[in-house]
Amino acid sequence: MRGWVVIAALVAGCASTGEGDPRDPFEGVNRRVYRFNDVVDVHVAQPVARGYKRVVPGEIRDRVRNFFGNIGDVFIGANNILQGKFADGAGDWARVLWNTSFGLFGIHDVASEMGYEKHDEDFGQTFGWWGAKSGPYLILPLLGSSTMRDGLGKGVDLYTDPLTEVRPYHLEYGLIGLRLTQTRADLLDASRILEEAALDKYVFQRDAYLQRRRSLIYDGQPPRERPAEEADDGKTR
Amino acid sequence: MTARLASALLFVFAAAWGAPAPAQEGPDVLVKRVTLEVVDLISKDKEIKAGNRARLIELIDAKVLPHFNFASMSALAMGQSWNKANPEQKKRITEEFRTLLVRTYASALAAYSEQKFDFRPLRAKPADTDVTVQVRVLQPGAQPVPIDYSMEKTAAGWKVYDVMVGWVSLVANYRTEFNNLVREAGIDGLIKNLSDKNRALEARAPARR
């Protein structure tokens with residue numbers, strides 16, 4: 001839901017500025033939102049994630065990641081099926097069955113050991129697979145890197161997210177908070193590497209995001225590199 | 001008797017000299033050997049485990065870097081601007097880019113060194129001179145992180161000219177940054193930017209974890 005409002009606001013709020021990157025016509029606004037997100041990240045998300053990592057042993061963090069990953073697999077499977085990848089989708093749902101039962105509600109990832117590989121799918125990728133172009137690059141408040149297509153996908157992801165149905169509310173917020181903390185903790189190393197590697201963090205992160213999303217749509221087998229200007233179309237078949 | 005021994009020895013020597021380097025190692029074998037060797041050295045080194053970044057970089061310098069072709073990587077990252085640079089500029093760019101990539105690679109390796117690696121079988125014909133070697137870093141409860149090495153065959157063995165981490169090509173990712181800097185400040189501006197970045201990272205290196 002939030003995603004839609006944000007996109008509408010961004011599109012309405014700004015016109016493209018000068019001769020920037022054609023994939024990123026809203027760079028001015030994006031950079032401002034990026035700075036805002038960065039402040040929140042540095043002062044809230046990172047300290048919480050670091051504290052979590054210090055206090056909670058790695059073994060327990062694996063259980064937490066597996067638990068939320070298991071719920072995620074339900075929707076990863078659904079997205080694979082929507083993309084016509086029935087074998088992958090069946091594999092995802094087999095993961096859910098094995099992990100929910102023998103893996104004790106998902107805290108143990110027994111399915112991976114049985115050879116069912118975990119996939120990475122979401123509605124943004126499904127739209128891309130169906131042929132939707134990425135549209136302009138967007139930085140969503142708090143959610144970070146996205147595009148028009150992926151922002152819409154994110155909206156559907158959030159709308160279908162079972163955690164938002166959990167009641168009472170304090171349990172819902174607790175679970176969502178825990179999942180966010182776990183995710184940020186898992187990304188601490190990656191974000192430090194980004195910090196070190198980038199000359200301009202905004203540009204580096206944008207290009208990495210666009211490259212990665214393009215590859216994900218093709219499940220890691222994108223056609224060979226095309227000129228940057230026309231990169232990240234939807235899947236063409 | 002001795003004559004036969006002598007000729008046998010001679011034959012062995014001739015074979016050894018004549019062979020193009022000691023029976024060239026395949027690219028997938030090379031990646032696997034070097035990765036496992038480095039991960040093993042990291043796990044045994046108390047100082048690196050305690051966060052001695054300089055020592056880790058030293059290790060990577062010695063073990064990993066000889067297998068990278070940094071001139072190729074720099075040229076690819078620069079794109080069309082590469083041809084506009086003079087030899088001195090090319091040399092500086094290659095040096096600074098190398099320093100930056102080593103540090104990035106060291107951080108990535110330190111982050112992943114305790115995970116399990118899955119070395120995928122090489123999908124290439126024996127005659128291929130440009131291949132992709134696929135490695136997967138397995139982590140519990142998450143999709144494996146793919147690390148793909150693009151490698152080319154040279155007279156001095158197989159050399160890496162791009163690394164893709166999480167399906168993001170490092171070389172392609174630097175291309176926009178490099179192009180922006182060259183457009184704004186020229187090739188010397190790019191060199192200055194790279195070198196400032198490296199100096200800044202060096203200055204704060206010992207303090208980090």
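The values are calculated or read from the model by the stated rules, or taken from the named source; none is laboratory data. Since the model is a prediction, treat every value here as computed from it, not as a measurement. Positions of Cβ are backbone-derived with ideal geometry, glycine not excepted, and every protein chain shown enters the neighbour counts.
Residues of the stretch A:206-216 being in contact with a Phe, Trp or Tyr (Cβ under 8 Å, 6 or more places away or on another chain) and either surrounded by fewer than 19 Cβ atoms within 10 Å (Cβ to Cβ) or closer than 14 Å to A:Ser146 by Cα (or both), which ones?
Answer for the stretch A:206-216, where residues must be in contact with a Phe, Trp or Tyr (Cβ under 8 Å, 6 or more places away or on another chain) and either surrounded by fewer than 19 Cβ atoms within 10 Å (Cβ to Cβ) or closer than 14 Å to A:Ser146 by Cα (or both): A:Arg206, A:Tyr209, A:Leu210, A:Gln211, A:Arg212, A:Leu216.
Can you tell me which residue among B:Gln115, B:Gln80 is of a type outside the set (A, V, I, L, M, F, W, C), closer than 30 Å to A:Leu104 by Cβ and surrounded by fewer than 18 Cβ atoms within 10 Å (Cβ to Cβ)?
Matching residue, one of B:Gln115, B:Gln80: B:Gln115.
Does any residue of the stretch A:85-97 turn out to be touching a helix residue (DSSP H, G or I) at 6+ places or on another chain (Cβ under 9 Å), closer than 18 Å to A:Gln125 by Cβ and not in a helix (DSSP H, G or I)?
Yes, some residue in the stretch A:85-97 is touching a helix residue (DSSP H, G or I) at 6+ places or on another chain (Cβ under 9 Å), closer than 18 Å to A:Gln125 by Cβ and not in a helix (DSSP H, G or I).
If you go through the stretch A:82-98 one residue at a time, do you hit one that is closer than 23 Å to A:Leu178 by Cβ and not charged (D, E, K, R)?
Scanning the stretch A:82-98 turns up at least one residue that is closer than 23 Å to A:Leu178 by Cβ and not charged (D, E, K, R).
The rows are residues; the columns are (1) under 30 Å from A:Gly72 (Cβ atoms); (2) more than 13 Å from chain A (Cβ to nearest Cβ); (3) modelled with pLDDT of 90 or more.
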| residue | (1), (2), (3) |
| --- | --- |
| B:Phe70 | no, yes, yes |
| B:Ala77 | no, no, yes |
| B:Arg103 | no, no, no |
| B:Tyr112 | yes, no, no |
| B:Asp118 | yes, no, yes |
| B:Gly141 | yes, no, no |
| B:Lys153 | no, yes, yes |
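Which of the residues spanning the stretch B:176-189 are surrounded by 19 or more Cβ atoms within 10 Å (Cβ to Cβ) and touching an Asp or Glu at 6+ places or on another chain (Cβ under 9 Å)?
Answer for the stretch B:176-189, where residues must be surrounded by 19 or more Cβ atoms within 10 Å (Cβ to Cβ) and touching an Asp or Glu at 6+ places or on another chain (Cβ under 9 Å): B:Thr176, B:Glu177, B:Leu181.
Among the residues of the stretch A:11-27, is there at least one that is modelled with pLDDT of 95 or more, in a helix (DSSP H, G or I) and within 24 Å of A:Leu216 (Cα to Cα)?
Quick first cut of the stretch A:11-27, residues modelled with pLDDT of 95 or more only: A:24-27.
Within this subset, residues satisfying the condition of being in a helix (DSSP H, G or I) are A:27.
Of the ones still in play, those that are also within 24 Å of A:Leu216 (Cα to Cα) are A:27.
Yes; the residues of the stretch A:11-27 include at least one that is modelled with pLDDT of 95 or more, in a helix (DSSP H, G or I) and within 24 Å of A:Leu216 (Cα to Cα).
Is it the case that A:Asp189 is at the interface with chain B (Cβ under 9 Å from one of its Cβ atoms) and surrounded by fewer than 16 Cβ atoms within 10 Å (Cβ to Cβ)?
yes
Restricting to the stretch B:185-208, name every residue that is in contact with a helix residue (DSSP H, G or I) (Cβ under 9 Å, 6 or more places away or on another chain), within 13 Å of another protein chain (Cβ to nearest Cβ) and either within 17 Å of B:Gln80 (Cα to Cα) or at pLDDT below 90 (or both).
B:Ala185, B:Gly189, B:Leu190, B:Ile191, B:Leu201, B:Glu202, B:Ala205, B:Arg208
Among the numbered criteria (1) of a type outside the set (Gly, Ala, Ser); (2) closer than 21 Å to A:Asn30 by Cβ; (3) part of a helix (DSSP H, G or I), which one does A:Tyr173 miss?
That leaves (2) as the condition not met.
I'm trying to understand the selection: among the residues of the stretch A:159-217, which are of a type in the set (Asp, Glu) and within 25 Å of B:Thr176 (Cα to Cα)?
Matches in the stretch A:159-217: A:Asp189, A:Glu195, A:Glu196, A:Asp200, A:Asp207.
Residues to consider are A:Leu152, A:Leu163; find the one that is in contact with a Phe, Trp or Tyr (Cβ under 9 Å, 6 or more places away or on another chain), assigned to a helix (DSSP H, G or I) and at pLDDT below 95.
Matching residue, one of A:Leu152, A:Leu163: A:Leu163.
For the stretch A:21-63, enumerate the residues that are exposed (fewer than 13 other Cβ atoms within 10 Å of the Cβ), over 26 Å from B:Asn179 (Cα atoms) and charged (D, E, K, R).
A:Arg54, A:Glu59
Need at least 2 residues that are under 16 Å from the mean Cα position of the chain (by Cα) per element, so show me which strands (runs of 3 or more DSSP E) inside the stretch B:96-175 make the cut, counting only ones lying wholly within it.
Output list reads B:130-138, B:145-154, B:157-165.
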